[in-house]
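**Student:** Starting off with a structure, shown below.
Please treat every number below as a calculation from the coordinates, not as lab data. Note that this is a predicted model, so its numbers are computed, not measured. For neighbour counting, all protein chains shown are included, and Cβ atoms are generated from backbone atoms with ideal geometry for every residue, glycine included.
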Amino acid sequence: MKLTVLQEVAAKAATCIACGLHKNRIKSVFSSGSFDAQIMIVGEAPGADEDQQGLPFVGRSGQLLNKILLEIGLDRGNIYVANICKCRPPDNRKPHPHEMSACFPFLEKQIETINPKIIVTLGATAIEGLCGSGLGITKRRGKVEKYKEVDVLPSLHPSYCLRNPPVTKDLKSDLLIAKEMAYGKTDQT
Ligand code: SF4
């Protein structure tokens, strides 16, 4: 059932022309991971590698994310990963508000269908797109917010950690909090 729903929505995203981001799209980037995930990760938008492969977080940022998840005992295959925008903004710019709004129904359907225990947003744009604007991400991260009935934990984007390696520990500790919220304090993944 989840598979059918999400395949239909992904097919719509692949041919969507609701905002200008479709113009430079090689592949839309809908999701990766498990439909039965307890944890959902939401990023901003695809980059060049993701646009080529049609999968989220496969470039350098994704490699750092994978490394951190492994270090805290989480299997990325058990996590559902998506973005606010499904098409790559030119020159990796931040998506405009109207582009995020146009794309939001896809994410809304993904969240409704996956029904995760917790959503971790990566970067300022992702939490703004999901829960609205607020404090800067370095102050906002690590504190639980809500999207409808679902807990949302804002954290840092791995690309920011690549540029500022000392803050990688903050992303790691936020993902650890998410793991504990999803599974309790066991090693279950
Ligand atoms: Fe459609 Fe979203 Fe791509 Fe814009 S970013 S064209 S709304 S799928």
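**Student:** Nothing charged except the Cβ atoms of Lys and Arg (+1) and of Asp and Glu (-1): what's the magnitude of the dipole of the range 144-189 about its Cα centre? Round to the nearest 20 debye.
**Tutor:** Rounded to the nearest 20 debye, it is 160 debye.
**Student:** What residues have an amide H closer than 5 Å to that of Val58, excluding those fewer than 5 places away on the same chain, when H is modeled at 1.01 Å from N in the peptide plane?
**Tutor:** Result for Val58 returns Glu50.
**Student:** For the range 99-140, max minus min Cα coordinate along each principal axis, in Å, sorted largest first?
**Tutor:** Principal-axis extents of the Cα atoms in the range 99-140, largest first: 30, 26, 12 Å.
**Student:** Find the centroid of the Cα atoms in the range 121-189 and in the range 7-68, then give the distance between the two in whole Å.
**Tutor:** The range 121-189 and the range 7-68 have Cα centres separated by 18 Å.
**Student:** So in the chain, what percent of DSSP beta bridges are antiparallel if you round to the nearest 5?
**Tutor:** 25
**Student:** Further question on the same structure: More than 13 Å apart: what percent of Cα pairs in the range 11-82 qualify?
**Tutor:** Here the long-distance tail beyond 13 Å is 67 percent of all Cα pairs in the range 11-82.
**Student:** To continue, here is another question. With the cut-off at 15 Å, report for the range 136-176 the share of all Cα pairs above it, as a whole percent.
**Tutor:** 41
**Student:** As I understand it, the dipole of the chain uses +1 on the Cβ of Lys and Arg and -1 on the Cβ of Asp and Glu, about the Cα centre. Which of Pro89, Thr15, Gln53 lies farthest toward its positive end?
**Tutor:** Pro89
**Student:** Dividing the convex hull volume of the Cα atoms of the chain by its residue count, what figure in Å³ per residue is obtained?
**Tutor:** Measuring per residue, one finds 105 Å³ for the Cα hull of the chain.
**Student:** In debye, nearest 20: dipole of the range 24-124 around its Cα centre with unit charges on the Cβ of K, R (+) and D, E (-)?
**Tutor:** 140
**Student:** Still on this model: Note down the magnitude of the dipole of the chain about its Cα centre, charges +1 on Lys and Arg C-beta and -1 on Asp and Glu C-beta and zero elsewhere, to the nearest 20 debye.
**Tutor:** 340
**Student:** With unit charges on the beta carbon (Lys/Arg positive, Asp/Glu negative), name the residue among Ile26, Ile111, Leu122 whose Cα is farthest towards the positive pole of the charge dipole of the range 1-145.
**Tutor:** Looking along the dipole axis, the top candidate is Leu122.
**Student:** Scanning the chain for helices, which whole DSSP H stretches are 24 Å or more long along the axis (Cα) and average -0.5 or more by Kyte-Doolittle?
**Tutor:** Helices meeting the criterion: 97-114.
**Student:** Could I ask something else about it? Which aspartates and glutamates, if any, have their Cα less than 14 Å from the Cα of Lys169, not counting same-chain residues under 8 positions apart?
**Tutor:** Glu71
**Student:** Under the Kirkwood approximation applied to all pairs of distinct alpha-carbon atoms, what is the hydrodynamic radius of the range 80-154 in Å?
**Tutor:** After inverting the pairwise mean of 1/r, the radius is 12.8 Å.
**Student:** I would also like to ask the following. Check Ile119: other-chain or 5+ apart residues with amide H under 5 Å from its amide H, H built from backbone geometry?
**Tutor:** Those lying under 5 Å, H to H, from Ile119 are Met40, Asp151, Val152, Leu153.
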